[in-house]
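Trainee: Before we start, here is the structure in question, set down as structure tokens.
Read the figures in this text as sums done on the coordinates, not as results from a lab. In this text the structure is predicted, and so the values were computed from the model without any measurement. Here the Cβ is made from the backbone with ideal geometry for all residues, glycine too, and neighbour counts use every protein chain on show.
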Amino acid sequence: MAKMSFENHIMKQFDEELEEIRTRLMEMGGKVEEQLQNAILAISDANSQLAEQVILEDQSIDAMEVDIDEACILIIARRQPAASDLRLVMMVTKAVNDLERIGDEARKIANHAIILSEENDASAGYPEVRHIATSVTNLLAHALDAFARFDSDAAIRTIEEDKQVDLDYKTALREVATYMMEDPRSISRAINILWVLRSLERIGDHAKNLCEQIVFVVKGKDIRHR
């Protein structure tokens, strides 16, 4: 397993600055993970109050993104990092963007949870939502764990998991489309489910992006678009 560390520099203060942004990023990752779990729970339990909480809490994720980006800019300005150090800092800025996007998708899921809760009925599409939601939740957890340990091998395994999520997403789309054709009365509800599925698929893509950045920093290989 190839690993890297934020603590390999002569200047102790530089080490501390890098470790600080790593800590902030992991805190942001934990918050995003919580937001996703709550959004999914709001869907499955028809809990509009929990969904509203997710929407409100999205502001804290946006604030974290701004704070971490500013910290990265300061590090680049003060330390002028080169080579691997610069890759580390740039990876953080890209990871922060992906985490913020995941937070946005969780907020979108929460919005649809509120609409679906007003139906007060279990839709035929919910099994597909639960299945993909479980896969995506695990995918994000594995991506964050790979980042925390700078484990490129784990990152590559997680990227493979996203391929299955993409396949499951396409299957779910076909099944929900079938429900819509069989029961036109379900169209409005099914459309909301389709948007939820789309958000979950995008979250999987952003988690995959995190893993691709890990591989790039640890191994120096750009595996995007492969």
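Trainee: Please list, in order, the residues from segment 125-144 whose amide nitrogen is less than 17 Å from a point placed 7 Å along the Cα→Cβ vector of ILE191.
Mentor: Within reach of a label on ILE191, which here means backbone N under 17 Å from a point 7 Å along Cα→Cβ, segment 125-144 contributes 125.
Trainee: Assuming R0 = 25 Å, what is the FRET efficiency of ALA82 and ARG157, from their Cβ-Cβ distance, to the nearest 0.05?
Mentor: Details: r = 31 Å, r/R0 = 1.23.
Between ALA82 and ARG157 the formula returns 0.20.
Trainee: Number of Lys pairs in segment 12-219 with C-alpha atoms less than 26 angstrom apart, excluding same-chain neighbours closer than eight positions?
Mentor: 17
Trainee: Would you mind calculating the relative contact order of the chain from Cα pairs under 8 angstrom and at least 6 residues apart, reporting the percent as a whole number? Spell out each step's value before the answer.
Mentor: Details: 288 pairs, mean separation 61.1, N = 226.
So the answer I get is 27 percent.
Trainee: Further, regarding this structure: Would you mind computing Rg(Cα) / (2.2 N^0.38 Å) for segment 12-219, counting N as its residues? List each step's numbers first, then the result.
Mentor: Values: Rg = 18.6 Å, N = 208, 2.2 N^0.38 = 16.7 Å.
Relative to the 2.2 N^0.38 Å estimate, segment 12-219 comes out at 1.11.
Trainee: Separate question: Could you tell me how many degrees, from 0 to 90 and to the nearest 10, lie between the Cα long axis of helix 187-219 and the main elongation axis, the longest principal axis, of the Cα atoms of the chain?
Mentor: Tilt relative to the chain: about 20 degrees.
Trainee: With label points built 7 Å along Cα→Cβ from the Cα atoms of LEU74 and GLU52, find their separation and express it in nm.
Mentor: Going by the 7 Å Cα→Cβ label model, 3.7 nm.
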